[in-house]
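First up is the structure itself, then whatever we jot down about it.
The values are calculated or read from the model by the stated rules, or taken from the named source; none is laboratory data. Values in this document were obtained by computation on a predicted structure and should not be read as measured data. Note that each Cβ is placed from the backbone with ideal geometry, even for glycine, and that neighbours are counted across all protein chains shown.
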């Protein structure tokens, strides 16, 4: 296997978008974390992609882990690169037992997608240089050398998967389930679908600068199918056989008075909402970690974004036996976007939402050959395809939830995306 590693100048954003669109690629980035990695994979030479076959889907996680082991053995010291890709929320059907769910699935984006690339570019935000890793190729990437001209575009609402009235009604139904003892919390979401003639470059550029983004993604999955995520939430991070998961729960509109913000965020409702999910994830992580090693740190932490402020916490553990399949089977989908207990919450989600989530609330990230994994939760995420775009937005519902306030909260969360689209806020 031919591998060349060298330093290059840090690429500009115009070149990155050009490479993604021209050669097919994935860009994982943060515009907030000082020491975080930005990872670009360009021109895939191997892809693991859903083909719709039952057996392929069942074997996916095992095949992913076997591929990882095969290439980790091949690449030796050149292990600071690896698989980039995502798992759709709808893959839950293949994580849990058969017949737990009704099996509704998105028919636009594949259920999963991972790739190995001919080119990787890796850098930290504070660096002036980047590392270029070339695999199986001796050619260099061509640069765009052009400034992006933001184009004018039209956009029109096609539909919401839940109207305001339906969303409020569903919040009340979840509260009924909680009173009946079925669940403690359920994450209720809706999707918004638009028809538009916006182009990939304009949409990517505007979303890239729209918010404080910790776990962002810009990816071309196939012709005319793109994912652009401005996610603030980490699903999990694995390094040196240690794992940390950082669920977000508790949201308030960003106002000027921080004392008022803290007073609202640190209420019984928000703290109990976060505590439930922290406990769920602590239990999930314990399934593959050394007994007694799982701990909760920094409960709660305040995260400030442009339009909203969140609470989150870190749950850490020491992995007993490193196995990618075990990790995903124990954790996926993330508890912060399902509810507690997880399986019953997901059944109620299917009943009330009635529309497949697809990649929304799935996870996108990287699996490096040095056993380092980093995955986000795909929230604040645009799915862009063939003249349409859609995104999901939602929140955790507890017994203390006010249905009208919960609806207002999803409007706050969607505000940055709506501003980017220059649309009347609906």
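Here is how the numbers come out for the structure above:
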| quantity | calculated |
| --- | --- |
| Matching residues, the stretch 89-110, being in contact with a strand residue (DSSP E or B) (Cβ under 8 Å, 6 or more places away or on another chain) and either surrounded by 20 or more Cβ atoms within 10 Å (Cβ to Cβ) or under 30 Å from residue 143 (Cα atoms) (or both) | 91, 109, 110 |
| Strands (runs of 3 or more DSSP E) within the stretch 339-426 that include 1 or more residues under 19 Å from the mean Cα position of the chain (by Cα) and over 16 Å from residue 86 (Cα atoms) | 381-385, 388-397 |
| Residue that is free of Cβ contacts under 8 Å to residues at least 40 places away in the same chain and in a strand (DSSP E or B), where the choices are 283, 298 | 298 |
| Residue check, residue 380 in contact with a helix residue (DSSP H, G or I) (Cβ under 8 Å, 6 or more places away or on another chain), touching a residue at least 40 places away in the same chain (Cβ under 8 Å), more than 27 Å from residue 287 (Cβ to Cβ) and buried (at least 21 other Cβ atoms within 10 Å of the Cβ) | yes |
| Condition met for residue 317 (in contact with a helix residue (DSSP H, G or I) (Cβ under 9 Å, 6 or more places away or on another chain), part of a strand (DSSP E or B) and buried (at least 21 other Cβ atoms within 10 Å of the Cβ)) | yes |
| Residue match in the stretch 226-235 (condition: touching a helix residue (DSSP H, G or I) at 6+ places or on another chain (Cβ under 6 Å), closer than 18 Å to residue 392 by Cα and modelled with pLDDT under 85) | no |
| Residues located in the stretch 268-302, provided they are loosely packed, with under 14 Cβ neighbours inside 10 Å and over 24 Å from residue 319 (Cβ atoms) | 268 |
| Residue count for the stretch 282-314, restricted to those that are closer than 26 Å to residue 411 by Cα and touching a strand residue (DSSP E or B) at 6+ places or on another chain (Cβ under 6 Å) | 9 |
| Flag for residue 147 being without any contact (Cβ under 8 Å) to a residue 24 or more places away in the chain and loosely packed, with under 12 Cβ neighbours inside 10 Å | no |
| Condition check for residue 421: at pLDDT 95 or above and either in contact with a strand residue (DSSP E or B) (Cβ under 7 Å, 6 or more places away or on another chain) or within 22 Å of residue 253 (Cβ to Cβ) (or both) | no |
| Close pairs from the stretch 119-135: first on the phi > 0 side of the Ramachandran plot, partner loosely packed, with under 15 Cβ neighbours inside 10 Å, Cβ under 6 Å, at least 6 apart | none |
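Every residue, every condition in (1) under 17 Å from residue 365 (Cα atoms); (2) free of Cβ contacts under 8 Å to residues at least 40 places away in the same chain; (3) loosely packed, with under 15 Cβ neighbours inside 10 Å; (4) touching a strand residue (DSSP E or B) at 6+ places or on another chain (Cβ under 9 Å), yes or no:
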site	(1), (2), (3), (4)
39	yes, no, no, yes
45	no, no, yes, yes
57	no, no, no, yes
60	yes, no, no, yes
71	no, no, no, yes
75	no, no, no, yes
82	yes, no, no, yes
87	yes, no, no, yes
